[in-house]
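Colleague: Could you have a look at this structure, given as structure tokens, before my questions?
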Amino acid sequence: MVKAPGGPSHYYTALAVFALLLLDAPWGGSVTEIIDTRRSWAKTRKCCILHDMPESKGRVIGIGGVFLKSPDQQGLSRWYAENLGIPLDAYGGKFEWLSRDTPPREHLTAWSVFPNASTYFDPSTAPFMINYIVDDLDALLSKL
């Protein structure tokens, strides 16, 4: 096991996010195909994740962003780039992907490491934040 700078919690966060792609979906469907068409490690990856999803409104249709805090922001970012192949720029990483809609819509998942002192996650005290893309925010809120 390669330990990421900033502690093992970041390593397990990466595994948890990856595991979401491998597990059956909570609505009974499953991930049927993941296509990684990256041309090189330095370029943005384009992924298309196809799965069986209900047609009702008010649901998560993707991950908008994954954000981590670390006492060693640069070191952890470098670790993810070197060991997991996440292409990084000055703001972090990004993954472009297509929806299953007809015609497909382009989406983007942002990935970034923040310093521990960042107040961007406030009022949460968690060392990570996941942003979801939803198809209809009002419909989702009415279900909760």
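Colleague: For the range 74-104, which positions are of a type in the set (A, V, I, L, M), farther than 26 Å from Val134 by Cβ and free of Cβ contacts under 8 Å to residues at least 60 places away in the same chain?
Modeller: Once the filter is applied, which keeps residues that are of a type in the set (A, V, I, L, M), farther than 26 Å from Val134 by Cβ and free of Cβ contacts under 8 Å to residues at least 60 places away in the same chain, the range 74-104 yields Ala81, Leu88, Ala90.
Colleague: Residue pairs, Cβ under 8 Å, 6 or more apart or interchain, first in the range 105-131 and surrounded by 10 or more Cβ atoms within 10 Å (Cβ to Cβ), second assigned to a loop (DSSP other than H, G, I, E, B) and among the aliphatic types (A, V, I, L, M). List them.
Modeller: From residues that are surrounded by 10 or more Cβ atoms within 10 Å (Cβ to Cβ), the pairs are Trp111/Ile86.
Colleague: Next up: Would you pick out the residues in the range 80-99 that are under 15 Å from the mean Cα position of the chain (by Cα) and not in a loop (DSSP other than H, G, I, E, B)?
Modeller: Tyr80, Ala81, Leu84, Leu88, Gly92, Gly93, Lys94, Phe95, Glu96, Trp97, Leu98 - these are the residues of the range 80-99 that are under 15 Å from the mean Cα position of the chain (by Cα) and not in a loop (DSSP other than H, G, I, E, B).
Colleague: Counting only residues that are within 18 Å of Pro104 (Cα to Cα) and not in a strand (DSSP E or B), how many does the range 129-144 have? Steps first, answer last, please.
Modeller: Initial filter on the range 129-144 (within 18 Å of Pro104 (Cα to Cα)): 133-136.
With the extra rule that they be not in a strand (DSSP E or B), the set shrinks to 135-136.
The total comes to 2.
Colleague: Right, here's the next one. I need every pair where a residue in the range 47-68 that is at pLDDT 75 or above and part of a loop (DSSP other than H, G, I, E, B) has its Cβ under 9 Å from the Cβ of a residue that is acidic (Asp, Glu) and buried (at least 16 other Cβ atoms within 10 Å of the Cβ), sequence separation at least 6 or different chains.
Modeller: These pairs meet every condition: Lys57/Asp135; Gly58/Asp135; Arg59/Asp135.
The values are calculated or read from the model by the stated rules, or taken from the named source; none is laboratory data. Being a predicted model, the structure only gives us computed values, none of them experimental. FYI the Cβ positions are ideal-geometry reconstructions off the backbone, even for glycines, and counts take in every protein chain you see.
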